[in-house]
Structures are given as C-alpha cells and as structure tokens.
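A short worksheet on the structure shown next.
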Amino acid sequence: MMIPAKKLIKKINIVLIYVISIFVIIILLNAFIFQVTTVSGESMMQTLHNHDIYFTLKTDSTLKKYPNYEDIVIIDSRVSEKRTFLTEITDIFRHNLIKKIITGEQPHDYWVKRVIGLPGDKIRLEDGIVYRNETILREPYVNPGETPYYSSYEITVPEGHIFVMGDNRNHSSDSRIIGAIPVENVIGTIKFKIKSGK
C-alpha cells in the first residue's frame, strides 16, 4: 500500500528535524562541554604518550575559569588570535567533525601542556630548575630520562593568561616559545585516558 505523498513528506521532515537536532547537539557538546583528544608527539612524556586518547572537559574553559597548577590542558597555540564562539564552531568543521569524533585527532594548532603559572606569578627558569615566585617547584612529572636544560628565562604572567610547559622539557614547544597563553585559548582540561597509544 502506497503512503500518500503528504504523509511521506511529513515523515521525511520529522526524520530530518531529528537528524539536524542531533547534529547540532553533537556540535555544541563538542564545542563547549567535552571533546576527545589524541596526543600527538612526545612533549608530555613520561606522563602522556604519542597516540594516547583522552577525555577532555571543556566546561571551565567555556566559562573562562582558570585551570589549577599542574593541570594538563589543551591550548590553542595561535596566541595572536582571540578565540571566540565562532572560532569554537569553525574549528570543528575546519578539522572535520566526523573524523574528530571517530579518531579524536586534533589540529596541530592545539597543544597539550601542563599549567605552571597563573596570573601574577613570576616564573624563572635557570640551571634546569623552575622557580615560581622564587620558590623551587618540585616536579615529579618531568621526564626522568633527561635533565632539563633551560636557557635563562623570566616572565611575570599577565592578567588573563597562564604559563604552560611540556613535561618532556627538552622536547617541548610551549610558553617559553610563544609566551603566556590567554585564558580564552585554553580549550579544556585532560581528565582521563580512554585508550593507550602504546
């Protein structure tokens, strides 16, 4: 028995509304609540490894709250560009939403780093040691395979920014290169491992 054209069109419209609604919900969840992150490279060894997959919570970043010391965060390294609502949405499509959901792969602009300094902190690096407000940081997370080498470096973290470094200090591009990170460029905080890359 044939379905009348009007009923068929109505059913197709209902299905389309459901599909579009689900798609919009997925986009909003991925942009502002959580994302799956794949670690790329060795800058966070021995804590995180290449191809590890992690659940990243974005709610604090969405609300522009500062992360805590030692949190592992995803940052947008394009510090000269202010991230906005539009950036969150366009990045999802620019880096292929479907591929990102299935594989967790993230753009090369996104870096995984550890929070070392918050606004007002004076960070000083010297002779393989990190000082925060003239107190030596105890850093058990730093890659034990190599002694960190630091060129002398000093910064007072500006308001609205954080200072980040990779745990594999001799092999990490981080705030030592691009400077303090605007809080708007903190995409989320790593919470737990989904799959090991090993």
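Taken together, the values in this text are just the output of simple stated rules run on the coordinates, not laboratory data. Worth saying up front: this structure is predicted, and the values here are computed from it rather than measured. So basically every Cβ, Gly included, is an ideal-geometry build from the backbone, and we count neighbours across all protein chains shown.
Just tell me which aspartates and glutamates come within less than 15 Å, Cα to Cα, of Lys122; anything on the same chain fewer than 8 places away is out.
Glu134, Glu154, Glu159
Restricting the calculation to Cα positions, tell me the Rg (one decimal) and the Dmax (whole number) of the stretch 104-198 in Å.
13.9, 39
Counting other beta carbons within 10 Å of each residue's own, what order do Thr59, Thr37 fall into, fewest first?
On the way: Thr59 12, Thr37 25.
Neighbour counts put them in this order, fewest first: Thr59, Thr37.
Name the aspartates and glutamates eligible as straight-distance cross-link partners of Lys191: C-alpha to C-alpha under 14 Å, and not fewer than 8 places from it in the same chain.
In chain and number order, the partners are Asp52, Asp60, Glu70, Asp71.
Quick query: amide H of Gln46 versus all other amide H atoms, modeled in the peptide plane; which residues come in under 5 Å with a sequence gap of 5 or more or a different chain?
Hits under the 5 Å cutoff: Asn143.
Between Leu57 and Arg78, what is 0.36 nm times their sequence separation minus the Cα-Cα distance? Round to one decimal in nm.
On the way: separation 21, 0.36 × 21 = 7.56 nm, distance 2.03 nm.
Stretched out fully, the Leu57 to Arg78 stretch lengthens by 5.5 nm.
By how many nm would the segment from Ile178 to Tyr141 grow when fully extended, if each residue of separation counts as 0.36 nm and the alpha-carbon distance is taken off?
Working: separation 37, 0.36 × 37 = 13.32 nm, distance 2.20 nm.
Working it through step by step, the gained length comes to 11.1 nm.
Sorting Leu28, Leu16, Leu48 on the 10 Å Cβ count, fewest up front, what's the list? Write out the running numbers ahead of the final one.
Details: Leu28 13, Leu16 10, Leu48 24.
The fewest-first ordering by Cβ neighbours comes to Leu16, Leu28, Leu48.
When the Kirkwood radius is taken over all Cα pairs of the chain, what Stokes-Einstein diffusion coefficient follows at 10 °C and 1.306 mPa s, in µm²/s? Walk me through the intermediate numbers first.
On the way: Rh = 18.4 Å.
For the chosen part, D equals 86 µm²/s.
Ranking Tyr69, Tyr18 by Cβ neighbours within 10 Å, fewest first, what do you get?
The most exposed by this proxy come first: Tyr18, Tyr69.
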